[in-house]
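Nothing in this text is a laboratory measurement; each read-out follows from the coordinates by a stated rule. Just so we're clear, the structure is a prediction, and the values are computed from it rather than from any experiment. All Cβ positions, glycine included, derive from the backbone under ideal geometry; neighbour counts span all protein chains shown.
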Amino acid sequence: MKKPSDVLGRTVVAIPLAILAVVLVAAGGWVFAVGVTAIGCLCLHEFYDLVESRRPIRLAGFIAICGSVLAAKLGGPTALLFATWFSLPVMFMMAAAQPRLEGATDSILSTGLGIWWIAVGFAHAVLLRDLAHGGGIVIDALIATFAGDTGSYFGGRAFGTKPLAPRISPRKTVEGLLAGSAAAVAATLVASFYQDWLPLEVALLIGVTVAVLAPMGDLFESLLKREAGAKDAATTLGPHGGALDRLDGVLFSIVGVYWLWYLLG
């Protein structure tokens, strides 16, 4: 149970973050791409701190996220696929150049996980922003993800009795998940009332996509934190934990929303 002051602290931190997100999305273009890259590097840094014992090759990861966003911006999904694959020989060369070869497999795997999870996720945000009405859809995906997270938090506090995944995150409940899913779908449906180019049925599909993928992203990070013995990925955002703790759901949902909107377009 969170204390009221903690909830207030989380709210105070969330407001400037929301403003930053809106400013970046509204700006679009290279401003959005550079902003996404900077936030992605922060998340990647937090993740590599979390798996430090596996000796991730940080430089390879940072090169990969810059290359992935650049490829997404200039060449679309095909270029992103190549850039992601190209990170493999880069990781190999950097791992082979290290003084110690022991643990090279763990080193490459931990580095690669950060690339596939974080770099590819943020690159998809750039892909989505560059589609028709992409700015509005990015905002819809963010609002739905955070609405789902908030609904899950308060729904779990008020009604939660059945554990959702006790081995991974003991405090998460089935009731919280249902409340969060309802909040995510409701958020996209409400957004469609203000976006005449977004059909109600498509808004519903976006909401369902977020409702399914965002909790998976949250549990995915929870699994990694549990193995690492950490409550949060970092303390960058105070009561919110780290940037990765706030964006774990987004890194899953934004990819699903991109492909949904791309295929429907």
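Tabulated data for the structure shown
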{"read-out": "Over the range 188-265 - Rg/Rh using Cα atoms and the Kirkwood inverse-distance radius", "value": "1.11"}
{"read-out": "Length-normalised contact order for the chain - Cα pairs under 8 Å, 6+ apart - percent", "value": "21"}
{"read-out": "Fully extended contour minus Cα-Cα distance, from Glu102 to Met216, at 0.36 nm per residue", "value": "37.8 nm"}
{"read-out": "Rough spin-label spacing in nm, given labels placed 7 Å along Cα→Cβ, for Ala165 and Trp85", "value": "3.0"}
{"read-out": "Ranking of Asp248, Asp140 by count of other Cβ atoms within 10 Å, fewest first", "value": "Asp140, Asp248"}
{"read-out": "Backbone N under 19 Å from the Ala230 label point (7 Å along Cα→Cβ), restricted to the range 83-111", "value": "106-111"}
{"read-out": "Other-chain or far-sequence residues with amide H under 5 Å of Gly242's (modelled H)", "value": "Ala233, Ala234, Thr236, Leu237"}
{"read-out": "Helix-only [θ]222 nm of the chain, DSSP H runs n ≥ 4, -39500 (n - 2.57) each, per residue, nearest 500", "value": "-26500 deg cm²/dmol"}
{"read-out": "Shape metrics for the chain, restricted to C-alpha atoms - Rg then Dmax, Å", "value": "18.5, 59"}
{"read-out": "Lys, Arg +1 and Asp, Glu -1 on Cβ, resulting dipole of the chain about Cα centre, debye, nearest 20", "value": "500"}
{"read-out": "Computed over the range 75-155: relative contact order in percent, which uses C-alpha pairs under 8 Å that are six or more apart", "value": "25"}
{"read-out": "Tail beyond 21 Å, pair distance distribution of the range 122-265 (Cα, percent)", "value": "42"}
{"read-out": "Euclidean distance of C-alpha centroids, the range 236-265 and the range 29-98, integer Å", "value": "17"}
{"read-out": "Environment charge of Val202, counting only residues whose C-beta is closer than 15 Å and scoring Lys/Arg +1, Asp/Glu -1", "value": "-3"}
{"read-out": "Helical segments meeting 27 Å axial Cα length and Kyte-Doolittle 0.0 threshold in the chain (DSSP H)", "value": "4-27, 29-50, 58-96, 134-159, 174-192, 200-228, 243-264"}
{"read-out": "Proxy reagent accessibility, fewest Cβ within 10 Å first, across Ile57, Ile168", "value": "Ile168, Ile57"}
{"read-out": "For the range 68-110, Kirkwood radius (reciprocal of mean inverse C-alpha pair distance, Å)", "value": "11.4"}
